[in-house]
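The values are calculated or read from the model by the stated rules, or taken from the named source; none is laboratory data. In this text the structure is predicted, and so the values were computed from the model without any measurement. Every residue, glycine as well, gets a Cβ built from its backbone with ideal geometry; the counts of neighbours run over all protein chains shown. The protein model used for the area step is the full one, side chains on, heavy atoms only, and it has no ligands, DNA or RNA in it. Shrake-Rupley method; radii C 1.70, N 1.55, O 1.52, S 1.80 Å.
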Amino acid sequence: MVTVITNLEKRKTNFLLKLNYTLLIFLIYFVTNNIAFSKERGQILAHAAGCFGCHTANKDLPYSGGYKINTKYGTFISPNITFDKKNGIGKWNLEEFTRALKHGISPKGVPYYPVFPYNWYKELKNNDINDIYNYLRSIPIQSIKQSNHKLKFPYNFRALLWMRSKIEYIFFSNNQFNTNNEIEKQGSYIVKSIGHCGACHSPRTFLSIVKNKNDLSGRPKSHKKINDEAPNISNNKTKGIGSWDENDIVFFLQTGFKPDGDYVEGHMTGIIEDGTSYLSENELKAVSKYLLSQHNK
Ligand code: HEC
Ligand code: HEC
């Protein structure tokens, strides 16, 4: 009788030990995969995608919003996207976050203004969105409440955005880039989705709808008081950057120095400092390859 009980006890302790080991392995797997790895990658992506740049007015309070974007429609003030439950996105789950990024729709079903470049983020890979979400969840929360946008009439009516998105859907499409070259594919993903380069470098028509998101043939000033023009970055030798070589582009996106010795100015300064300089050399080489493979425009 006694031996039966001790055997039973032994089995029980063995089982519990095994269970503990399994749980430990799960925990290590979970920590390394979901926190350590994705945190680093999430941070790089959140920079390269401009989330940091656009949602940070004060660098001591990252992602707490308050960054002002002047447009001909008025001034947009970026919201707090830290995980504060009251003034940030602390109550959002991954699905709600993904829908906002890919479709420009809030958890309450309200459309966002396209100044938040969801038209480009539409093609972000779910893994990348997951990493950005986990990264934002891991950083300190800021409980700052940001004020509303200061927009001119009638642009202050969000409901008009439904109409705009229908027009955009019917008339303008994203020009897909088909290539079997893996490096160009990687570059195209960074330029077209993460880096949303066309948000500034592609021309726009009425209602600020981008004619072709990846045209990259430059954007003229939209209003004499607004500094939103951006140069042609296609591979055209005279109008674009066709005379730059691959290393020139990599160096520029790391440091802001152009091949002629000039230093970058305007909005591109932040894009490089807070964004592209976080990407690896190989990723930037892929960007260069993609840009130089674009048709003359
Ligand atoms: C060019 C500036 C810009 C960039 C880049 C940008 N955002 Fe935003 N974002 C905005 C603005 C402006 C709004 C407010 C839009 C509105 O009110 O309709 C916004 C809204 C949001 C919202 C909704 C917040 C809320 O309270 O409803 C989330 C979430 C968000 N952005 C996350 C991100 C993430 C993540 C990235 C990077 C992948 C990013 N944003 C990149 C400007 C930007
Ligand atoms: C917020 C708007 C904005 C975004 C987004 C943006 N750019 Fe720019 N870019 C500019 C402006 C403005 C200039 C002009 C800067 C100057 O005059 O020095 C510029 C300049 C450049 C130049 C130098 C062109 C020349 O002839 O001097 C290159 C190359 C470039 N950008 C590449 C990119 C790439 C690649 C991306 C995406 C990863 C990108 N930009 C995203 C606004 C932007």
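Considering Asn58, Asn80, the condition of being crowded, with 20+ Cβ neighbours inside 10 Å, assigned to a loop (DSSP other than H, G, I, E, B), more than 12 Å from the chain's Cα centre (by Cα) and not aliphatic (A, V, I, L, M) is satisfied by Asn80 alone.
Just one of the listed residues (Lys102, Lys85) is assigned to a loop (DSSP other than H, G, I, E, B) and either more than 9 Å from ligand 1 (Cβ to nearest atom) or modelled with pLDDT of 95 or more (or both), namely Lys85. Of everything in the range 245-259, what is aromatic (Phe, Trp, Tyr) and either open to solvent by 50 Å² or more (accessible area, probe 1.4 Å) or more than 7 Å from ligand 2 (Cβ to nearest atom) (or both)? Give them in sequence order. Matches in the range 245-259: Phe251, Phe257. Residues that are more than 8 Å from ligand 1 (Cβ to nearest atom) and polar (S, T, N, Q) were ranked within the range 69-82; the one that is nearest to Ala46 (Cα to Cα) is Thr82. Taking every residue in the range 105-124 that is under 17 Å from Phe172 (Cα atoms) and open to solvent by less than 20 Å² (accessible area, probe 1.4 Å) and pairing it with any residue that is modelled with pLDDT under 95 and part of a loop (DSSP other than H, G, I, E, B), at least 6 positions away or on another chain, the pairs with Cβ-Cβ distances below 7 Å are Asn119/Lys213; Trp120/Lys213.
Can you pull out every residue in the range 186-231 that is part of a helix (DSSP H, G or I), more than 13 Å from ligand 2 (Cβ to nearest atom) and without any contact (Cβ under 8 Å) to a residue 60 or more places away in the chain? Scanning the range 186-231 gives Phe206, Leu207.
Look at the range 260-297 and say how many of its residues are more than 13 Å from Gly187 (Cα to Cα), open to solvent by less than 70 Å² (accessible area, probe 1.4 Å) and either more than 19 Å from the chain's Cα centre (by Cα) or of a type in the set (A, V, I, L, M, F, W, C) (or both). Lay out the reasoning, then the answer.
Of the residues in the range 260-297, the ones more than 13 Å from Gly187 (Cα to Cα) are 260-275, 277-278, 295-297.
Those left that are additionally open to solvent by less than 70 Å² (accessible area, probe 1.4 Å): 261, 264, 266, 268-272, 274-275, 277, 297.
Okay, now just the ones that are also either more than 19 Å from the chain's Cα centre (by Cα) or of a type in the set (A, V, I, L, M, F, W, C) (or both), so 261, 264, 266, 268, 271-272, 297.
Final tally of qualifying residues: 7.
State whether one or more residues within the range 167-174 are more than 19 Å from His103 (Cβ to Cβ) and either outside the structural domain of Thr276 (by TED's automatic domain parsing) or away from ligand 1 (no atom under 16 Å from the Cβ) (or both). Checked the range 167-174: no residue is more than 19 Å from His103 (Cβ to Cβ) and either outside the structural domain of Thr276 (by TED's automatic domain parsing) or away from ligand 1 (no atom under 16 Å from the Cβ) (or both). Within the range 126-161, the residues that satisfy the criterion of being open to solvent by 80 Å² or more (accessible area, probe 1.4 Å) and in contact with a strand residue (DSSP E or B) (Cβ under 6 Å, 6 or more places away or on another chain) are Lys150, Lys152.
Within the range 168-182, is there a residue that is modelled with pLDDT of 95 or more and part of a helix (DSSP H, G or I)?
Let us first name the residues in the range 168-182 that are modelled with pLDDT of 95 or more, namely none.
Looking through the range 168-182, none of the residues is modelled with pLDDT of 95 or more and part of a helix (DSSP H, G or I).
The set of residues from the range 220-231 being modelled with pLDDT of 95 or more and open to solvent by less than 40 Å² (accessible area, probe 1.4 Å) comprises just one member, Ala230.
Please tell me if Val210 is closer than 23 Å to Arg41 by Cα and either of a type in the set (A, V, I, L, M, F, W, C) or in contact with a Ser or Thr (Cβ under 6 Å, 6 or more places away or on another chain) (or both). Please lay out each step first, then the result.
Numbers: closer than 23 Å to Arg41 by Cα: no; either of a type in the set (A, V, I, L, M, F, W, C) or in contact with a Ser or Thr (Cβ under 6 Å, 6 or more places away or on another chain) (or both): yes.
It is false that Val210 is closer than 23 Å to Arg41 by Cα and either of a type in the set (A, V, I, L, M, F, W, C) or in contact with a Ser or Thr (Cβ under 6 Å, 6 or more places away or on another chain) (or both).
For the structure I just gave you, tell me whether Ile144 is over 24 Å from Ser277 (Cα atoms), among the β-branched types (Val, Ile, Thr), part of a loop (DSSP other than H, G, I, E, B) and within 9 Å of ligand 1 (Cβ to nearest atom). Step through it out loud before you land on a result.
Details: over 24 Å from Ser277 (Cα atoms): yes; among the β-branched types (Val, Ile, Thr): yes; part of a loop (DSSP other than H, G, I, E, B): yes; within 9 Å of ligand 1 (Cβ to nearest atom): no.
For Ile144, the condition - over 24 Å from Ser277 (Cα atoms), among the β-branched types (Val, Ile, Thr), part of a loop (DSSP other than H, G, I, E, B) and within 9 Å of ligand 1 (Cβ to nearest atom) - is not met.
Would you mention how many residues in the range 106-136 are outside any helix (DSSP H, G or I) and within 10 Å of ligand 1 (Cβ to nearest atom)? First the steps, then the outcome.
Initially, the range 106-136 is screened for residues outside any helix (DSSP H, G or I), giving 106-117, 122-125.
From what is left, the residues that are within 10 Å of ligand 1 (Cβ to nearest atom) are 106-108, 110-117, 124.
Going through the range 106-136 one residue at a time, the tally reaches 12.
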